[in-house]
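Data block below; observations after.
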Amino acid sequence: MNNYSHRMTLIVADEHHSIRSTPGRRLSEVLRDDLGLKSVKIGCDAGDCGACTVLIDGRQHCACLTPVAQASGREIETVETADPALIGQLQKAFLAHGAAQCGICTPGVLMAAVELLQTNPAPTLAEIEDTLAGVLCRCTGYRKIISAIMAVGTAPERVGPPDVGKAVGHPVPRLDGLRKVDGTEIFGADYAPEGALVVRAVRSPHHHAGFELGDVAAWQEARPGVEAVITAADIQGVNRFGVIPPLADQPAIAEVTARYRGEPVALVVGDPDLVEAMDLSDFPITWTPLAHTLTEAEGGIAGAPQLHETRADNTLIRGRVATGNPDQAMESAAHVASGRFETSYVEHAYIEPEAGSAWLDGDTLVIQACTQAPIMDRDDTAKVLGLPLEQVRIIPSAAGGGFGSKLDLTVQPLLGLAVLKTGKPCRMVFSRSESMRASTKRHPGTLEATIGADESGRIVSMMLHGDFNTGAYASWGPTVATRVPVHASGPYLTPNYRATTRAIHTNGPTAGAFRGFGVPQAAICQEVLYDDLAAKCGIDRLEFRRLNALRDGNAATFGQTLQAVGIEECLDALKPHWDRALAEAAAHNETSPVLKRGIGVASCWYGCGNTALPNPSTIRIGITADGALKLHQGATDIGQGSNTVITQIAADALGVPVGTFELIGPDTALTPDCGKTSASRQTFITGKAAERAGMALRETILRLTNLPGTAEIVLSAGKITVSHGDERREIDLAALPANPFGYVLMAEETYDPPTSALDENGQGIPYAVYGYGAQIAEVEVDMLLGKTRVIRIIAAHDLGRVINPLLAEGQVEGGIAQGLGLALMEEFLPGRTENLHDYLIPTIGDMPEVESIFIEKPDPVGPMGAKGLGEHVLIPTAPAILNAIRHASGARVTKVPALPHRVLAAIKAAQ
Ligand code: FES
């Protein structure tokens, strides 16, 4: 604390806390660090996200923007200290309505709701939207937050726990929900060992530049408190990581060239009080800016600055799927539609910037950080640090959103380097702008396609080429390049087909995984052209899709014979809504010359899991001698609900109440590999492993008691009671020997979906399970301003057996919010939109009504018939909105986001 600090009093829960602080220090920092009120989250330190919302004298404030002196002597309320009756009711409602997913925004949302309900116990929708306008949620799509707030003070809907064997299909509230609503969840920035040093990165201010380090030792010496400066020269292992190991090309710390703006070139480690406030702009480094490219068009031309000497040019990889004779079939087509479409960089904008801490436990490096992929983190971090795998332990903290970006390494190797160099525990928290500069993005794409139909409107051929900007490093570029050609036909029968892709390096941010892996971009191209074709064929747009929908037994463009195809059922479920919406829009438009309504429809399909690659998950369930039942669940729950869904499946497979399980993990030291949380794979693959483990343990128990499969199993202290009719037997658990895991009974099962490699034409079995869906968008377009308001989305999704309808609805609503952002507002521009006031994501006021319709077409492979959902739900939203804009205004928008100037230009072009 410096000489300018003052003594102040903060009043929290009627207690007077005397503190010493500089007057201008952020209140958020004081509440978290001095008073331990960790429910106050830091999302941006700029008043943009509202995660730090607290009440001061009953009114909501962003604690990050409030100098502590302004709060002195005033009553401060946080989730920990708010009126227990009101906050308790809100917390219960949030749990019952599934209003918290990852939970990072939840404390801020709750405090804004407390402000409202204290003076207005029965608020209207408009009042809720008004009060919560300053708090962003990236997961939920806000609808469940609204319904939870409206439910406070009303008679609670009684949904009891499921009966034994009936957990699957039941709206079980999130099992890890309590700590999300009471503010005790531990996110990446919420824990660090006592005395942890802070790690900061010196990052490139240039898109592409050579650099030379100056006298780093002298710089360090002149700065007391700096314990270490770390550069690439300190790296003992292989300074290259990447999610696709053969293509690993990303240095943890750049060596002599920075290839994107924000790339780390050095680390500064030291005393938090000094290093956190340190100006790093005088770090001794000389930059030599180099020519750079930022778009796939620039990066892909001959003579473009080359990023990687190890590659022939800037093409990272190509993808291809081809079948039939698309050229010949196109020539014979009665109707043909063609188009070129562009999409932008999209930022994940999770509310929790990347954060974590690390320490040594003996000779094991322990890293606790937000992640979607603990085993991949362990393997790549060990590689960079030159440590054997068993000397790196990853404990995922709760992830405050991920959506694909937290699959890639962020703080992990940097923390490891700092701990190994200093021998002390360390912590690292990215600032918002650092997060936005350094994290991966959705691939921008330029897609061109031609689709042909015969006289009757049946698709005869499709040809597509997509160039994707994969940025500086490989990351998930190969996945996008291979997944897009597989999916680009949409869920439609396409007998002649050729889809090709390229992932092209540029000096833009590295593009990685983002909900859909390129399929949402491809769906925009295909679905807009389907509207063109429907018009040319003179067929209603929804009927045109139904006519061409894939059906059971059809061969996909990659040769796989498909089963359990639910797209036709999804479109059928939408038909009454389609007819109603079209009639309403027509009636509205007769009397509204400026605000025109339009209706659009689009479909999706999505293969669950890795594309044509092994991706096993392993689940362990054990029973201890005293009768505790433990589920070792290594899948990271980033808000989507795997902790709950996988437990539901395990419970039914074993035949015990869902609440019997104690959840262990994820933790690379305690849980087997459940793979990464991506590609909508956890419910399907880890769920299948859980089903198998539950069934195997049940079989063991029944074998020991020699009772048939329908017997009832009850666990209690030290024993298992198994009953079948009048027969009743007991297993004395204490009499059984414990295995090396400490279990007297245990089952461990692995599931790896049956896929096959794709040949040079992309023929094979890329996925074992597919989910399907279709959405209708109802929009209103201002013909003078070009602004679009989405009024309603009706989403019909075939997710096979619905494991948890409450959580599934949350996925649909959250995915739609992100699809709406992709369609209408989100465009990341390196160097220009590196914060949450220039980069806009949907707020509560942007969200339309959402109606979810679930089609349950059980999958023969998925656990209990389940498919996947997480990524599917985002795919149709943007094309449905674009098609609705066109229906309303005539504007055929070919670049997203459909910002007002683009819509106006398209209206003009149409006129
Ligand atoms: Fe709101 Fe995750 S639940 S940001």
For this session: Could you check how many residues of segment 112-127 are acidic (Asp, Glu) and either within 9 Å of the ligand (Cβ to nearest atom) or within 23 Å of GLY43 (Cα to Cα) (or both)?
Result: 1
Exercise. Residue check: is ARG458 of a type in the set (Lys, Arg), open to solvent by less than 10 Å² (accessible area, probe 1.4 Å) and closer than 24 Å to CYS570 by Cα?
Worked result: no
Exercise. Just checking, how many residues over segment 779-793 are in contact with an Asp or Glu (Cβ under 9 Å, 6 or more places away or on another chain) and buried (at least 24 other Cβ atoms within 10 Å of the Cβ)?
Worked result: 3
For this session: Would you check if there is a residue in segment 491-508 being under 25 Å from PRO246 (Cβ atoms) and open to solvent by 10 Å² or more (accessible area, probe 1.4 Å)?
Result: yes
Exercise. Can you name the residue in segment 721-748 that is over 11 Å from THR624 (Cα atoms) and touching a residue at least 40 places away in the same chain (Cβ under 8 Å) and, of all such residues, is surrounded by the most Cβ atoms within 10 Å (Cβ to Cβ)?
Worked result: ALA747
Exercise. Within segment 309-333, can you find the residues that are in a loop (DSSP other than H, G, I, E, B), surrounded by 13 or more Cβ atoms within 10 Å (Cβ to Cβ) and more than 29 Å from the chain's Cα centre (by Cα)?
Worked result: ARG311, ASP313, GLY324, ASN325, ALA333
Exercise. Do we find that ALA511 is open to solvent by less than 10 Å² (accessible area, probe 1.4 Å) and in contact with a Cys (Cβ under 8 Å, 6 or more places away or on another chain) in this structure?
Worked result: no
Problem set entry | Lone qualifier among ALA112, ALA85, ALA96, ALA122 - being assigned to a loop (DSSP other than H, G, I, E, B) and either free of Cβ contacts under 8 Å to residues at least 12 places away in the same chain or not basic (Lys, Arg) (or both) | ALA122
Problem set entry | strands (runs of 3 or more DSSP E) contained in segment 425-484 and holding at least 1 residues basic (Lys, Arg) | 426-429
Problem set entry | ILE776 being closer than 30 Å to ILE853 by Cβ and open to solvent by less than 20 Å² (accessible area, probe 1.4 Å) | yes
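Open to solvent by less than 10 Å² (accessible area, probe 1.4 Å) and either away from the ligand (no atom under 16 Å from the Cβ) or at pLDDT 95 or above (or both): is that true of GLY386 in this structure?
Judged against the criteria, GLY386 is not a match.
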Exercise. Does LEU758 satisfy the criteria of being within 30 Å of THR500 (Cβ to Cβ), hydrophobic (A, V, I, L, M, F, W, C) and open to solvent by less than 70 Å² (accessible area, probe 1.4 Å)?
Worked result: yes
Exercise. What pairs can you find where one residue is in segment 134-154 and without any contact (Cβ under 8 Å) to a residue 60 or more places away in the chain, the other is within 9 Å of the ligand (Cβ to nearest atom), and their Cβ atoms are less than 9 Å apart, with a gap of 6+ or different chains?
Worked result: SER147/ALA99; ALA148/ALA99; ALA148/ALA100; ILE149/ALA99; ILE149/VAL109
Exercise. Does ASP271 satisfy the condition of being closer than 20 Å to VAL226 by Cβ and either of a type in the set (Asp, Glu) or without any contact (Cβ under 8 Å) to a residue 12 or more places away in the chain (or both)?
Worked result: yes
Seminar exercise, completed: Filtering segment 426-449 down to residues that are closer than 20 Å to VAL896 by Cα, of a type in the set (D, E, K, R) and surrounded by fewer than 24 Cβ atoms within 10 Å (Cβ to Cβ) yields GLU448
For this session: Look through SER338, SER344, SER397 and report the one residue that is part of a loop (DSSP other than H, G, I, E, B), of a type in the set (S, T, N, Q) and surrounded by fewer than 24 Cβ atoms within 10 Å (Cβ to Cβ).
Result: SER344
Problem set entry | Residue list for segment 855-875, restricted to those being open to solvent by 10 Å² or more (accessible area, probe 1.4 Å), under 15 Å from GLY516 (Cα atoms) and among the aliphatic types (A, V, I, L, M) | LEU869
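Here's the yes/no breakdown for (1) within 12 Å of the ligand (Cβ to nearest atom); (2) open to solvent by 10 Å² or more (accessible area, probe 1.4 Å); (3) farther than 27 Å from GLY402 by Cα:
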{"position": "ALA63", "(1), (2), (3)": "no, no, no"}
{"position": "GLN70", "(1), (2), (3)": "no, yes, yes"}
{"position": "GLU80", "(1), (2), (3)": "no, yes, no"}
{"position": "ASP83", "(1), (2), (3)": "no, yes, yes"}
{"position": "ALA96", "(1), (2), (3)": "no, yes, no"}
{"position": "GLY103", "(1), (2), (3)": "yes, no, no"}
{"position": "LEU110", "(1), (2), (3)": "yes, no, no"}
For this session: Quick one: in segment 347-374, of everything that is within 16 Å of the ligand (Cβ to nearest atom), of a type outside the set (Gly, Ala, Ser) and in a strand (DSSP E or B), which residue is surrounded by the fewest Cβ atoms within 10 Å (Cβ to Cβ)?
Result: GLU347
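Could we say that ALA302 is open to solvent by 40 Å² or more (accessible area, probe 1.4 Å), under 24 Å from THR894 (Cβ atoms) and more than 16 Å from the ligand (Cβ to nearest atom) here?
When the stated conditions are applied, ALA302 does not pass them.
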Exercise. How many residues are assigned to a loop (DSSP other than H, G, I, E, B) and either open to solvent by 10 Å² or more (accessible area, probe 1.4 Å) or free of Cβ contacts under 8 Å to residues at least 12 places away in the same chain (or both) when one looks only at segment 805-832?
Worked result: 6
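Being within 16 Å of the ligand (Cβ to nearest atom) and aliphatic (A, V, I, L, M) is the requirement here; does ALA398 meet it?
So ALA398 fits the description; yes.
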Exercise. If you go through segment 128-149 one residue at a time, do you hit one that is more than 16 Å from the ligand (Cβ to nearest atom), assigned to a loop (DSSP other than H, G, I, E, B) and under 18 Å from VAL79 (Cα atoms)?
Worked result: no
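The values are calculated or read from the model by the stated rules, or taken from the named source; none is laboratory data. For clarity, every value in this text was computed on a predicted model and none was experimentally measured. Virtual Cβ from ideal backbone geometry, glycine too; neighbours counted across all protein chains shown. SASA here: full protein model, heavy atoms, side chains in, ligands and nucleic acids out. Shrake-Rupley method; radii C 1.70, N 1.55, O 1.52, S 1.80 Å.
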